[in-house]
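First the structure, in the form of structure tokens, and then the observations on it.
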Amino acid sequence: MKRSVLLALCVVAISATTGCSPQIEPMAIKIQQKNFEHLQLFSEELAPNCGASYGIPCQQPLYSVYFFAGSSINARDVCASVIEFQSQLELDAYSAEGASEIAPPSDLNEVIDFCVEGLERNLGSAPNQNYYEGTVLYGDGGEDGLGKVTVISRRDDGSYFVDFSIGRDKGRIGYFEIQGEPKHIIQE
């Protein structure tokens with residue numbers, strides 16, 4: 001009797017972790033397959049992030065696709081390629097990292113200039129200390145039910161890192177509220 005109950009529990013556990021897992025989000029595959037001129041894909045792996053699901057398959061995972069570029073690449077090239085691609089996916093707001101979100105103007109060059117300013121100005125206050133302010137792009141999923149948050153950042157060695165995160169669970173992808181004007185950390 002104990003063996004049959006244990007066997008039944010094993011069968012349920014195996015089927016729960018295989019047959020009920022969600023399909024990989026097609027948008028995540030589209031992002032992963034994007035051929036950027038100045039950015040390289042960080043990893044071929046495209047695994048859903050279910051947070052603290054403790055082995056239970058989640059139905060609305062978060063997907064992150066990472067790209068990078070070396071420090072010799074121009075900030076304008078990185079910003080322009082990512083912002084133009086994001087606008088094709090959905091671009092409802094943007095901000096500096098940690099700042100209030102604002103609606104993008106019809107001319108994406110303003111958003112690109114804002115991004116470049118944050119990535120080119122070193123805010124480090126000591127020798128050999130580099131700190132650059134990144135830009136965050138938001139899509140609320142109103143077009144396809146898929147929330148999008150993309151972070152364009154620059155590391156202390158001058159290299160660039162881009163994280164495209166998407167998900168259908170707004171609690172995990174995050175909410176945003178459009179307010180004010182675009183500001184960088186150093187602006188009042």
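No value in this document is a laboratory result; all are computed from the given coordinates. All figures in this text were calculated on a predicted structure; none of them were measured in a lab. Backbone-built Cβ (ideal geometry, glycine too); neighbour counts: all protein chains shown.
Values as computed for the structure displayed
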| read-out | value |
| --- | --- |
| Gyration tensor verdict on the range 57-125 (Cα atoms; rounded if a/c is under 1.5, prolate if a/b is larger than b/c, oblate otherwise) | prolate |
| Value in Å of the Kirkwood radius, where the range 85-188 supplies the Cα pairs that are averaged | 14.3 |
| For Asp92, distant residues with modelled amide H under 5 Å away | Tyr138, Gly139, Asp140 |
| Aspartates and glutamates whose Cα lies under 13 Å from that of Lys30, excluding same-chain neighbours fewer than 8 positions away | Glu44 |
| Reachable aspartates and glutamates, given that their alpha-carbon falls under 18 Å from the alpha-carbon of Lys148 and they are not under 8 places away in the same chain | Glu25, Glu84, Glu90, Asp92, Glu97, Glu101, Asp140, Asp163, Asp169, Glu177 |
| The range 150-163 - phi-based ³J(HN,Hα) in whole Hz, Karplus 6.51/-1.76/1.60, Gly and Pro as x | 10, 10, 9, 10, 10, 7, 5, 8, x, 6, 10, 9, 10, 10 |
| Per-residue ³J(HN,Hα) for the range 109-117, Karplus 6.51 cos²θ - 1.76 cosθ + 1.60, θ = phi - 60°, Hz, x for Gly and Pro | 4, 5, 5, 4, 4, 4, 4, 4, 4 |
| For the range 61-188, with +1 on Lys and Arg beta carbons and -1 on Asp and Glu, the positive-most of Leu123, Asn109, Tyr66 along the dipole | Tyr66 |
